[in-house]
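Below is one structure, written out as structure tokens; comments come after it.
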Amino acid sequence: MTIQQLSHEIGISIDTLRIWERRYGFPVPGRDTRGHRSYTLEQVEELRIVKSLQNFGQRPGKIFSLLPAQRRELLKKLSSQSLPNDTELCRLAYELRPDRIALELDKQRQRMGLVDFIHQYAVPLLQILDHGWASGQISIAREHLISDQLENLLRSELTGHTTRECSSILFLTLSGERHKLGLLLAAVLFEKAGVPAIWLSEELPLSEVPALAADLGVNGLALSFSGHYSLRQAKQDLSSLRKGLDPAIKIIAGGHAVQQIYGLPNLLICTDLRQIPQITKRHFLSVQKRKVRK
């Protein structure tokens, strides 16, 4: 597997992989006939564990100080402490027939209502899938299947109806960011709270974002920066966006890579989906009311 394939597969940036190789001596790649880095399946699996430990807040220095067996034991301990203990969720993630998955998701959405479905079902389900994938208990194919079915359901909840009189938010990911489900959950919740969401499925080069936001007349731009992004790259991209966007457009950033970023004007960091009603009320519905008065 090449370093580009590894980066996309695990969700760790190429820069980060190279830094770890120099600083911690892992992963040490082989070389193909052209001298390019090449990684084994064992290294891929080990990096899944490293990525999962990072998601639990463990720092690379501590992770790489442990032996592989110790990393697995730590992941098992952390997972048992934080994973939802829900039989129905585990049944869907591990056992339910593929042709029943979409029906089960829709049934739970109808039973619980959209907001509770997201907080109490979708988010815990994604945690279980992430752990199962990282530990090798859930195949990549099954994880992708369930994620795609959940994405289809959530996208069907977005109306896409906007007017110039209403505040609206553009939701997108920048080129190279493959993790979209968390951002889609946020888009649905923002729309449910009263702010129309414009969802862009495909990744977009950063240079094209300001013009699109201006053409659409949005009041906000929401982006996700997963652990695939380095903190440095996330800061750089957000700074570039802030310079290119209309100063009145608020940037909403979420994800693992932005938790320590602050100081940019009109930048809202959203690290918890439960923050969305307050963000909506404070920064978007108030603008909408002023537009109506005018």
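The values are calculated or read from the model by the stated rules, or taken from the named source; none is laboratory data. Treat the numbers as computed from the prediction; the structure is a model and nothing was measured. With ideal geometry, Cβ positions are generated from the backbone for all residues, glycine too; neighbour counts draw on all protein chains shown. Each accessible area value is taken on the protein alone, full model and side chains, heavy atoms only, with ligands, DNA and RNA left out. Shrake-Rupley method; radii C 1.70, N 1.55, O 1.52, S 1.80 Å.
Using Cβ point charges alone (K and R +1, D and E -1), the dipole size of the chain about the Cα centre works out to roughly 1040 debye. Other residues within the sphere of radius under 12 Å centred on the Cβ of LEU145, judged by their own Cβ, net out at -1 (K and R +1, D and E -1).
Sorting TYR262, TYR121, TYR94 by solvent-accessible area of protein heavy atoms yields TYR262, TYR94, TYR121, largest first, with a 1.4 Å probe. Its Kirkwood hydrodynamic radius, worked out from the mean inverse distance over all distinct Cα pairs, puts the range 91-159 at 12.2 Å. Measuring r between the beta carbons of ASP148 and LEU66 and using R0 = 22 Å, the FRET efficiency lands at 0.05. Where only DSSP H runs of four or more residues are counted, the chain gives -15500 deg cm²/dmol as its mean residue ellipticity at 222 nm, each run worth -39500 (n - 2.57).
Which net charge results when you count Lys and Arg as +1 and Asp and Glu as -1 among the other residues whose beta-carbon is under 12 Å from that of ILE279?
Around ILE279, the surrounding residues sum to +3.
Heavy-atom accessible area for LYS62, with the other protein chains in place and a 1.4 Å probe, reaches approximately 100 Å². Ordering GLN70, LEU53, THR33 by Cα displacement along the dipole of the range 17-106 toward the positive end leaves THR33 in first place; charges were set at the Cβ atoms of Lys, Arg (+1) and Asp, Glu (-1). The distance from the alpha carbon centre of the range 59-75 to that of the range 98-135 is 30 Å, rounded to a whole number. For the chain, pairs of C-alpha atoms spaced more than 31 angstrom apart make up 34 percent of the total. With θ taken as phi - 60° and the Karplus curve 6.51 cos²θ - 1.76 cosθ + 1.60 applied, the whole-hertz 3J(HN,Hα) list for the range 187-193 is 4, 5, 5, 4, 5, 5, 7 Hz, x standing for glycine and proline.
Applying the Karplus relation 6.51 cos²θ - 1.76 cosθ + 1.60 with θ = phi - 60° to the range 87-102 yields 3J(HN,Hα) values of 4, 5, 5, 5, 4, 5, 5, 9, 10, 4, 4, x, 6, 9, 5, 4 Hz, where x marks Gly and Pro.
Put simply, the amide H of SER38, placed in the peptide plane, has neighbours under 5 Å in GLY30, ARG31, ASP32, leaving out anything fewer than 5 places away on its chain.
Under 5 Å from the amide H of ALA222 lie the amide H atoms of LEU170, PHE171, LEU172, ILE252, each residue being 5 or more positions distant or on a separate chain, with H modelled from the backbone and absent for Pro and chain starts.
Given a 1.4 Å probe and the protein chains as shown, GLU88 ends up with an accessible area of around 80 Å². The range 101-254: D in µm²/s via Stokes-Einstein (Kirkwood Rh, Cα pairs, 37 °C, 0.692 mPa s)? Once the numbers are plugged in, D ends up at 198 µm²/s. Using the Cβ-Cβ distance between SER156 and SER207 with R0 set to 25 Å, the FRET efficiency works out to roughly 0.20. Computed from backbone phi, the HN-Hα couplings of the range 22-29 come to 6, 7, 10, x, 8, x, 8, x Hz, rounded to whole numbers (Karplus: 6.51 cos²θ - 1.76 cosθ + 1.60, θ = phi - 60°; Gly and Pro given as x).
For TRP199, neighbours were defined as the other residues whose beta-carbon sits under 11 Å from its Cβ, and their charges (Lys and Arg +1, Asp and Glu -1) total -2. Taking the Cα atoms of the range 152-228, the ratio Rg/Rh between the radius of gyration and the Kirkwood radius comes to 0.94.
In this structure, TYR262 and LYS107 have a Cβ-Cβ separation that, at R0 = 35 Å, corresponds to a calculated FRET efficiency of about 0.25. With the cut-off at 26 Å, report for the range 1-160 the share of all Cα pairs above it, as a whole percent. Result for the distance tail: 38 percent.
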